[in-house]
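Quick notes on the structure that follows.
Just so you know, all these numbers are worked out from the coordinates, no wet-lab data involved. Computed from a predicted structure; not experimentally measured. Note that each Cβ is placed from the backbone with ideal geometry, even for glycine, and that neighbours are counted across all protein chains shown.
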Number of protein chains: 2
Amino acid sequence: MKADIISIGDELLKGHRVNTNAPFIAIELGRIGIPVNRIITCSDDPKAIRDTVTDSLGDAELVLVTGGLGPTRDDRTRTVVQELLGRGLVSDPGSYERIVDIFRKRGREVTETMRDQALVIDGSVTIPNTKGTAPGMIIDCGEAFGNRHLVLMPGVPAEMEAMMKLTVIPFFTPMSGAFIRHTPIMTMGIGETQLAGMIVDVEDGMPEHTTLSYLPHAAGVSLMVSTSGTDRQAVEDENRRIVDAIVSRAGAFVYATADETLEEVVVRTLIERGLRVAVAESCTGGLVSSRLTDVPGSSECFLRGLVTYSNEAKEDLLGVDAETIRLHGAVSESVASEMARGCLRKSGVDIAVATTGIAGPGGGSPEKPVGTVCVAVASKFGEGALQVEASTFTMHGDRRLNKARFSEAALRALLARLRSFSV
Amino acid sequence: MKADIISIGDELLKGHRVNTNAPFIAIELGRIGIPVNRIITCSDDPKAIRDTVTDSLGDAELVLVTGGLGPTRDDRTRTVVQELLGRGLVSDPGSYERIVDIFRKRGREVTETMRDQALVIDGSVTIPNTKGTAPGMIIDCGEAFGNRHLVLMPGVPAEMEAMMKLTVIPFFTPMSGAFIRHTPIMTMGIGETQLAGMIVDVEDGMPEHTTLSYLPHAAGVSLMVSTSGTDRQAVEDENRRIVDAIVSRAGAFVYATADETLEEVVVRTLIERGLRVAVAESCTGGLVSSRLTDVPGSSECFLRGLVTYSNEAKEDLLGVDAETIRLHGAVSESVASEMARGCLRKSGVDIAVATTGIAGPGGGSPEKPVGTVCVAVASKFGEGALQVEASTFTMHGDRRLNKARFSEAALRALLARLRSFSV
């Protein structure tokens, strides 16, 4: 069984809205072993909807449609499908009651529009809408369409998501014979080509039901190992075997084999070890602190961040020596080291990271081009000695991308220091 | 002339990645009057690519394909298109030189893979890749395909975006007969329903070739006014007239009628007025500073940010009175005001903003639920008196969404204060 996803909406075709519904549906279907064959975005126009649905019903056993089920006049999905299948409409009493109830609570009168919204296509299974008004429908399209299934849902993400989880996934689970396991392998500090070179033999010997995807992102590349099959245990075992084989080759660059962000791993490691961190940032402008504090519970380990953009702030807040800045420049490993050391001392933490660099577009020079960043980590664990280590990296992006990559380098440096320290 | 967009990648079908390339391309095409007919996401599988490209070439005059042009083996677009059109490959010397240059700078040897990446389909116009290695291609598919055009680009967003702006849009501009003008109207501090009520008469009298879209986002709603036609001047005039009519009604909530972010407007305003800013953050964890420093040139006005997550840091770095925290709690307008005042004084700036709140998921209470934020702005312009003003807002999101909304509230408060101050 495979699925097509159809996303209806002119706002998607104009690019005014990003399609987040399709990936949500794809992930949910993946969990019950239904692969997605195509995702098609088409216009609100009835002919476009009809052509696209017809085409997909010839292509996939399950076709899920979002959009065009609301009360406004550009919502035409139900009518089009009704005509395509040659079926009438019937009122769904449960939906009608819920709609009337919602509007009464808002102090609104019951109107003909509400009655219309509670109509479903004859012979369909109603998908209750727990987050809005219009119900969804699961339709067996009948013999003319090889008994393929059509699922109609609203385009509003919260409504669609609740429908998928509460009704659609439970409905189709028994029909799916397959089981899929996806394992992400999150890497840092390595590019796509180099990574591919390290695991070429694993890729060459990949079993038929396992696939490997490269997912490049702003700061590097991650892998996704996907295994499908009908025997849950066999799928789990094979997936684990491939993941282990990749980690055994590229382990130095792997920071997680779960869907964890780098900041989540850093915060988790800090909390597990009872360590506290502070951040001193120049070029990253608060992004390192912001990423760490994106993680729930980070207040257990993150005490403070200092965004010292001006030289004066570096001297004033971190005790960086004006002479060091004069001699080496604000973007230098010496200044980064003094920032980290000052941040550690003044904040009373166990580990501190500092960034200073040139995010661009201005400010570069031949020796220190745009994209240069110096990262330093200072640490003093327990009775140990103070350690300060600095490195320089060069990135090749625009300002925002450089900031993202700089912050990634800082988090990587933090994690590397944490991992080098045995409890 | 209309376009189909094909996004290739198993990771998109599995839902592991959201398709942000298609909306980017759609917006760029919209600017030169080429509407998008369909957006199709298909698998890396050669047959799927071939079928989808063939289908789209029967459907649209212009087909833009992203994905499958990199160095790894799941990148098969070029081969499939080559076979479909029955053409050979030729080396593109410019691309080869650039690739070799990139790898030499990184201290890597020249390999066969690099030579392969510089190959383009015979008879195509090369799209230089200014952000990566593999070049893109614009292909006139020949008489067999009605001389329709196929554009191949990598799936890496930064690479594709540069290609669209530098080569693809200039190439197709002369072929498009139509002209479209989109003007965004960026609002703050108002919801969709309320905004719609204010401009109902403008919507009712909207001319035929102009449409108005509501684009709700994390922190509010923006509008997009789109006008199309063949006469550039008439399109511009009509679009301007509608935008002016909306601004005349909802102007108090409009912060920009260009594609400007709130942080861009804040930084521009600060620089125009020669003012300097500092930021004191608790719950936003560095995000306000990071957003301001996302703007090129922000170092002209942004001096420092202090992420005072712990109470001790608030006292230590900002001089917040421990007694104020004890009496009112860390999340209070009193503490926010002391943070802003302390930040202004200690940083020697003209204006400072402070945030303290509860991003969640933990830390809420009946009086101060998760989502509560207190924002304070302290300012002292020229010879004027010190002014401190604080407000409290309640947001309803998860941790990251709350942080985003909190930071939006802080930037809004900054901008409101700047606008209330006449030079």
**Study point:** Computed P(r) (all Cα pairs; region B:352-423; 5 Å bins; percent)
**Key:** 3, 17, 25, 19, 14, 10, 7, 4, 1
Study note, to complete from the structure: Rounded to the nearest whole number, the Stokes-Einstein translational diffusion coefficient of chain A at 10 °C and 1.306 mPa s (Kirkwood radius, C-alpha pairs) in µm²/s is 63
Exercise for review: Between copies, how far apart are the A:ASP259 label points? List them in nm, one decimal, shortest first, with each point 7 Å from Cα toward Cβ, please?
Suggested key: 3.0
Revision key, fill the gap. Percent antiparallel among DSSP beta bridges confined to the protein assembly as shown, rounded to 5, stands at 65
Exercise for review: Output the relative contact order of region B:262-420, whole-number percent, from Cα pairs under 8 angstrom with separation of 6+ residues.
Suggested key: 24
Point to revise | Other-chain or far-sequence residues with amide H under 5 Å of B:GLY136's (modelled H) | key: B:ILE127, B:ASN129
Check your understanding: When the dipole is taken about the Cα centre of region A:6-86, and only Lys, Arg (+1) and Asp, Glu (-1) are charged at their Cβ, what size is it in debye, to the nearest 20?
Key -> 140
**Study point:** Sorted largest first, extent of region A:132-193 alpha carbons per principal axis (Å)
**Key:** 52, 31, 20
**Study point:** Under 5 Å, built H, 5+ apart or other chain: amide partners of B:GLY305
**Key:** A:VAL307, A:THR308, A:TYR309, B:VAL279
Revision key, fill the gap. Each label sits 7 Å from Cα toward the beta-carbon; between A:THR394 and B:ALA385 the label points are separated, in nm, by 5.6
Check your understanding: Using alpha carbons only, how many degrees (0 to 90, rounded to 10) separate the axis of helix A:399-420 from the longest principal axis of chain A?
Key -> 70
Check your understanding: Measuring from the lowest to the highest alpha carbon on each principal axis, how far does region B:138-268 reach, largest first, in angstroms?
Key -> 54, 34, 25
Exercise for review: Calculate the mean, over all residues of peptide A:8-14, of how many other protein chain Cβ atoms lie within 10 angstrom of the residue's Cβ.
Suggested key: 6
**Study point:** Per DSSP, loop GluC sites (Glu not before Pro) in region B:168-215 with at most 10 further Cβ within 10 Å
**Key:** B:GLU208
Review point. Which value, in debye to the nearest 20, describes the size of the charge dipole of chain A about its Cα centre when Lys and Arg Cβ atoms bear +1, Asp and Glu Cβ atoms bear -1, and nothing else is charged?
Key: 960
Study note, to complete from the structure: In the protein assembly as shown, taking the dipole from +1 charges on Lys and Arg beta carbons and -1 charges on Asp and Glu beta carbons about the Cα centre, the listed residue (B:LEU84, B:GLY286, B:LEU119) farthest towards the positive end is B:GLY286
Practice item. Would you calculate the separation in nanometres between label points at B:ALA234 and B:ASP122, each defined as 7 Å from the Cα along the Cα-to-beta-carbon direction? Key: 4.7
Point to revise | Averaged over B:29-40, number of beta-carbon atoms from partner chains that fall within 10 Å | key: 4
Point to revise | Dipole magnitude of region A:179-256 about its Cα centre (Cβ charges: Lys, Arg +1; Asp, Glu -1), debye to nearest 20 | key: 260
Check your understanding: Sorted from fewest to most neighbouring beta carbons within 10 Å, what does the list B:LEU84, A:LEU292, B:LEU223 look like?
Key -> B:LEU84, B:LEU223, A:LEU292
Check your understanding: By count of other Cβ within 10 Å, fewest leading, how are A:LEU275, A:LEU318 ordered?
Key -> A:LEU275, A:LEU318
**Study point:** Considering only region B:262-420, percent of DSSP beta bridges that pair antiparallel, nearest 5
**Key:** 60
Review point. Roughly how many whole Å is it from the C-alpha centroid of region A:258-277 to that of region B:1-80?
Key: 38
**Study point:** Diffusion coefficient, µm² s⁻¹, Stokes-Einstein with Kirkwood Rh over alpha-carbon pairs of region B:336-378 at 4 °C and 1.567 mPa s
**Key:** 116
Study note, to complete from the structure: Computed over chain A, the relative contact order (Cα-Cα under 8 Å, seq sep at least six) in percent reads 10
Review point. Summing -39500 (n - 2.57) over the DSSP H runs of n ≥ 4 in chain B and dividing by its residue number, what mean residue ellipticity at 222 nm do you reach, to the nearest 500 deg cm²/dmol?
Key: -11500 deg cm²/dmol
Check your understanding: Thinking of region B:3-175 as a set of Cα atoms, what percent of all their pairs are more than 25 Å apart?
Key -> 27
Revision key, fill the gap. Going fewest to most other Cβ atoms within 10 Å around each Cβ, A:ASP10, B:ASP237, A:ASP55 line up as B:ASP237, A:ASP55, A:ASP10
Exercise for review: Quick one: angle between helix B:46-57 and the longest Cα principal axis of chain B, in degrees between 0 and 90, rounded to 10, please.
Suggested key: 90
Review point. With no solvent and one point on each alpha carbon, what is the Debye value of log10 I(q)/I(0) for region A:262-420 at q = 0.09, 0.14, 0.20 Å⁻¹?
Key: -0.25, -0.61, -1.23
Point to revise | region B:16-56: C-alpha gyration tensor shape, a/c 1.5 cut-off, then a/b vs b/c | key: oblate
Review point. Quick one: how many lysine pairs in chain A have C-alpha atoms under 30 angstrom apart, if they're 8 or more apart or on different chains?
Key: 21
Check your understanding: Angle between the Cα long axis of helix B:93-105 and the longest principal axis of chain B, 0 to 90 degrees, nearest 10?
Key -> 40
Exercise for review: Report the dimensions of the protein assembly as shown along its three principal axes from the alpha-carbon atoms, largest first, rounded to Å.
Suggested key: 79, 70, 60
Point to revise | Spatial extent of region A:72-121: Rg and Dmax, with the Cα atoms as the point set, Å | key: 12.3, 38
Practice item. Quick one: pull the percentage of alpha-carbon pairs in region B:179-256 with a separation above 21 Å. Key: 23
Check your understanding: Over region A:3-175, what relative contact order in percent results from Cα pairs under 8 Å that are six or more residues apart?
Key -> 23
Practice item. Take the alpha carbon gyration tensor of region B:25-93, find the square roots of its eigenvalues, order them as a ≥ b ≥ c, and report rounded if a/c is under 1.5; if not, report prolate when a/b exceeds b/c, else oblate. Key: prolate
